[in-house]
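Enquirer: Starting off with a structure, shown below.
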Amino acid sequence: MPRVFRKQVLVCTSEGEGKCASKGSLEVFQKFRDEVKARNLADIIVTKLGCTGQHPTGPTVVIHPDGLWYQRVTPDVVVEIIEQHLVGGKPVERLINPEMKVTG
């Protein structure tokens, strides 16, 4: 039986000068993974994402299927995103990249 996920957290981990990894996205990725596991949120998967082309506003985190792009994400705000958005259903407005939106 396949695993079914309610949300997917995609963390850009693109490497190179000025890209997300150089701005701490690997730590953001690990913090999301650790917190999701610690909270036993089995319906949320956290994965690495290649370059999103949003270098000036990185680290970038995309929440699927919501189509929301968070910008300048640091490990310090991961818990807030999990509690407020992933669990509570209310996006963290101040972190949303207003230039990026996916609609379906």
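The values are calculated or read from the model by the stated rules, or taken from the named source; none is laboratory data. Only a predicted model underlies this, so the values are computations on that prediction, with no experimental measurement involved. Heads up, the Cβs are rebuilt from the backbone with ideal geometry, glycines too, and the neighbour counts pull from every protein chain shown.
Enquirer: From the list 41, 86, pick out the single residue that is touching a residue at least 12 places away in the same chain (Cβ under 8 Å), part of a loop (DSSP other than H, G, I, E, B), more than 16 Å from residue 15 (Cα to Cα) and among the hydrophobic types (A, V, I, L, M, F, W, C).
Expert: Of the residues listed, the single one that is touching a residue at least 12 places away in the same chain (Cβ under 8 Å), part of a loop (DSSP other than H, G, I, E, B), more than 16 Å from residue 15 (Cα to Cα) and among the hydrophobic types (A, V, I, L, M, F, W, C) is 41.
Enquirer: Within the range 3-10, is even one residue part of a loop (DSSP other than H, G, I, E, B), modelled with pLDDT under 95 and within 19 Å of residue 92 (Cβ to Cβ)?
Expert: Scanning the range 3-10 turns up at least one residue that is part of a loop (DSSP other than H, G, I, E, B), modelled with pLDDT under 95 and within 19 Å of residue 92 (Cβ to Cβ).
Enquirer: If you don't mind, there's one more thing I want to ask. Could you check how many residues of the range 31-57 are at pLDDT 95 or above, touching a helix residue (DSSP H, G or I) at 6+ places or on another chain (Cβ under 8 Å) and either among the polar types (S, T, N, Q) or closer than 19 Å to residue 72 by Cβ (or both)?
Expert: Number satisfying all stated conditions: 5.
Enquirer: What is the residue count in the range 44-55 for residues that are in contact (Cβ under 8 Å) with a residue 12 or more places away in the chain and either within 9 Å of residue 12 (Cα to Cα) or not aliphatic (A, V, I, L, M) (or both)?
Expert: The qualifying residues number 8.
Enquirer: Right, next: Restricting attention to the range 16-23, does a residue exist that is in a helix (DSSP H, G or I) and of a type in the set (Ser, Thr, Tyr)?
Expert: yes
Enquirer: When the range 89-104 is examined, which residues are found to be touching a strand residue (DSSP E or B) at 6+ places or on another chain (Cβ under 6 Å) and outside any strand (DSSP E or B)?
Expert: The answer is 91, 95.
Enquirer: Then there is this: Exactly one of (1) farther than 23 Å from residue 2 by Cα; (2) out of contact with any Gly (no Cβ under 7 Å at 6 or more places or on another chain); (3) buried (at least 17 other Cβ atoms within 10 Å of the Cβ) is unmet by residue 25. Its number?
Expert: (2)
Enquirer: Please specify each residue of the range 44-76 satisfying the condition of being assigned to a helix (DSSP H, G or I), buried (at least 17 other Cβ atoms within 10 Å of the Cβ) and out of contact with any Ser or Thr (no Cβ under 9 Å at 6 or more places or on another chain).
Expert: Within the range 44-76, 57, 75 meet the criteria.
Enquirer: For a quick check of your reading of the model, give me the residue pairs whose first member lies in the range 5-31 and is among the charged types (D, E, K, R), whose second is in a helix (DSSP H, G or I), with beta-carbon atoms closer than 6 Å and at least 6 apart or on different chains.
Expert: Short answer, once both residue conditions are applied: 7/86; 15/21; 19/55; 27/75; 31/75; 31/78.
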